[in-house]
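The values are calculated or read from the model by the stated rules, or taken from the named source; none is laboratory data. If you're wondering where the values come from, they're calculated on a predicted model, not measured in any experiment. Note: ideal-geometry Cβ built from the backbone for every residue, glycine included; neighbour counts use all protein chains shown. SASA here: full protein model, heavy atoms, side chains in, ligands and nucleic acids out. Shrake-Rupley method; radii C 1.70, N 1.55, O 1.52, S 1.80 Å.
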Amino acid sequence: GPIAVIDTGLEQWMSNYLNDFANIEILSLNPIRDITRFTDVNNGINPVDTDWAYKAFAIVHYHLFERFSFIDGDFLPLSNIEKVVDPLLTTSEAVVCTEDGENIWAPVHEEAVGVIPGKYTNVNAGFLSFNIDHHLAILWEWRNLMTRRKPFDLWYGDQGAINIILDKYSVPKFFLDSQCWNQPQLYEQ
């Protein structure tokens, strides 16, 4: 299906190369940078340029897809993504992802977003696959959370933000085999 590349600083030759592919759409962050700020701190700091918040703004293009995946540029899937992921998203309400340790949410997290304190399996935000029919509300809350300065400071970037939302709503997670899909394991081999 169509692939959206978020341009966070591509050089011209990179854009030219990608434009040669029929199914690739390059989305520039510049218009988003110009109109976006944190909603609870009026200090001019732009969430698009804060840590990895730019990823959440890809969600504004949700209408282009029925099912879609976020794949960071440093993530190297060694399998046919469509063949593996599409049947999972079609037959399940789970987010398809890879495991990446654990999170411990405390009362301060509960106060900020409503998650029940405890230990949860952390998903790697470098690879996440969603079904728009099941996950639209989750994605909208992720995007909205990424524009709030105060709670954003309570966890580690976009990965912490999506994890706390998944855990808040007890969203099912389908974990792919880490040996084939997760970045740290790929680097070690």
Practice problem: With a point put 7 Å past each Cα toward its Cβ, work out how far GLU93 is from ASN16 in nm, to one decimal. | Solution: 5.0
Quiz item: Excluding ligands and nucleic acids, what accessible area in Å² is computed for MET14 using a 1.4 Å probe, to the nearest 10?
Solution: 60
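Accessible area of region 69-123 with a 1.4 Å probe: how many percent of it is carbon plus sulfur? Intermediate results must be reported in sequence, preceding the final value.
Numbers: 1640 of 3120 Å².
Carbon plus sulfur share of accessible area: 53 percent.
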Quiz item: Ranked highest first by the average count of other Cβ atoms within 10 Å around their residues, in what order do 18-25, 2-9 fall?
Solution: 2-9, 18-25
Practice problem: Skip the ligands, DNA and RNA, and give the accessible area per residue of region 92-189 with a 1.4 Å probe, whole Å². | Solution: 45
Exercise. Could you pull out every residue, at least 5 positions away or on a different chain, whose amide H is within less than 5 Å of the one on ILE26? Hs are placed 1.01 Å off N in the peptide plane, and Pro or chain starts have none.
Key: VAL5
